[in-house]
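This report concerns only the one structure given below.
A short reminder: the numbers here are calculations on the coordinates, not readings from a lab. Quick caveat: nothing in here was measured; it's all calculated off a predicted structure. So basically every Cβ, Gly included, is an ideal-geometry build from the backbone, and we count neighbours across all protein chains shown.
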Amino acid sequence: MHIYQIKWFFASPLVGEADAVRRRVRGVYEHPPSNLGLTLIEVLISLFILTFLLLGVHATQLFALQKAKSTYYFSVATQQLHNMMLRLKVMTIATDLSTQLTHWNQQNQQVLPQGNGTVQCDNATCQLTIFWGGESPLTCINNQIGSAGCIRVETFL
């Protein structure tokens, strides 16, 4: 049974009401509609749009993860610099700067990818630099933050 055959099932004991219902049904269902559903092209276009929307969401998530990772490295590097500044301020004459630097760089290797640090002291001023992710001391002119970067700090003892 097709949709357009529905008009024969409407029967009413009142003649006037039945004629009105038949006229309404004939006007709507007299001829079968030419488009009863979605065509394949419409479905493919909607899937294509949905695919691009999901790819955009995925790209946004990847970007957020990369930024979170670089922020994490920056936070760890800042904490390591703070640790070394405290070591320098507490350091006594008996402890050697090279020993403190060796211990600090061992920690840097554990908490940062390819982590390394340098300390240069002149009288009461020390310049501390920390590198990670393959960054070298020659390329660290300004602070660089990312999956590879460096931070340079100057402190007074």
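Between VAL111, VAL43, VAL57, VAL90, the distinction of being farther than 17 Å from LEU157 by Cβ and more than 24 Å from the chain's Cα centre (by Cα) belongs to VAL43 only.
Counting only residues that are among the hydroxyl-bearing types (Ser, Thr, Tyr) and touching a helix residue (DSSP H, G or I) at 6+ places or on another chain (Cβ under 6 Å), the range 53-98 holds 0 of them. Note on the range 104-128: residues that are farther than 26 Å from THR71 by Cβ and either of a type in the set (D, E, K, R) or touching a residue at least 12 places away in the same chain (Cβ under 8 Å) (or both) total 5.
Filtered by the rule that a residue be polar (S, T, N, Q) and on the phi > 0 side of the Ramachandran plot, the range 117-152 gives a lone residue, ASN123. The residues of the range 138-155 that are in contact with a strand residue (DSSP E or B) (Cβ under 6 Å, 6 or more places away or on another chain) and either among the hydroxyl-bearing types (Ser, Thr, Tyr) or surrounded by fewer than 13 Cβ atoms within 10 Å (Cβ to Cβ) (or both), listed by number, are GLU154, THR155.
Which ones in the range 120-133 are of a type outside the set (Asp, Glu) and exposed (fewer than 12 other Cβ atoms within 10 Å of the Cβ)? Correct list: GLN120, ASN123, ALA124, THR125. Could you list, in sequence order, all residues of the range 87-108 that are under 22 Å from GLY149 (Cβ atoms) and exposed (fewer than 13 other Cβ atoms within 10 Å of the Cβ)? Matches in the range 87-108: GLN106 only.
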